[in-house]
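Read-outs: derived from the displayed coordinates by stated rules, not from any lab. Nothing here was measured: the structure is a model prediction, and the numbers come from that model. Glycine also receives a Cβ, built like all others from the backbone with ideal geometry; neighbour counts cover every protein chain displayed.
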Amino acid sequence: MIPASTLAVFALAALLLAVTPGPAVLYIVARSVHQGRRAGMLSALGIAAGGLVHVLAAVAGLSALLVSSALAFTAVRWAGAVYLVWLGVKTLRGGADAESASPPPAAPRRIFLQGFVVNVLNPKTALFFLAFLPQFVSPTRGSVPAQILLLGLTFISIASTSDLTYALLAGTVARRVGRTARARRATRLVTGGAYLALGAGAALAGTSHE
């Protein structure tokens with residue numbers, strides 16, 4: 001359906017985009033540093049699942065509706081921003097207890113769902129798929145929705161591999177830095193600050209769309 005040469009070019013472009021650190025990578029790294037490699041990897045899988053929702057939305061045409069509606073775009077953007085700020089405040093309010101011992105392990109399902117929600121509530125992901133995928137789609141090759149689905153799944157597979165690698169590296173580095181009270185405090189502050197920065201970025205991004 002899609003020529004191998006076109007798919008190869010798409011895969012290369014997707015790889016270059018995936019390895020370039022962005023909001024999703026920052027979120028995953030923050031999780032890995034604060035709660036370990038397992039949490040980072042679960043977050044990466046949650047991000048991937050959220051990306052799949054955007055791909056299916058693009059196939060169904062819902063993403064185009066979101067982008068065309070300033071009200072819907074703004075509502076989703078602010079929901080995502082508030083959620084990230086809430087995660088940041090929650091992390092920063094860990095207090096002395098969080099600095100005297102390693103952070104208690106969070107439920108895997110909860111970590112996965114938080115990553116999922118973060119990506120689903122990111123309208124920029126919808127914008128990205130609508131802008132990027134159609135460049136490699138041709139109506140003369142058959143079903144356009146099927147082509148978008150194939151390209152979207154390919155991108156998610158590549159991005160997930162990159163994200164999981166970031167999670168492993170960040171978790172490994174955090175382990176070697178140490179688990180002293182000072183290191184845990186610094187980790188908590190950096191992680192909470194990262195969430196707040198992501199929330200602020202989500203709130204400010206796309207204002208030109210309104």
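What order do you get for R109, R141, R38 when you list them from fewest to most C-beta neighbours inside 10 Å?
If I rank by nearby Cβ atoms, fewest first, I get R109, R141, R38.
Taking the highest mean first, how do the peptides 111-118, 18-25, 41-48 order by number of other beta carbon atoms within 10 angstrom per residue?
The densest-packed peptide leads the list: 41-48, 111-118, 18-25.
When Y27, Y166 are ordered from fewest to most other Cβ atoms inside 10 Å of their Cβ, what list results?
Fewest to most other Cβ atoms nearby, the residues stand as Y166, Y27.
In nm, to one decimal, how far is the L16 label point from the L168 one, both placed 7 Å along Cα→Cβ?
Here the answer is 2.5 nm between the modelled labels.
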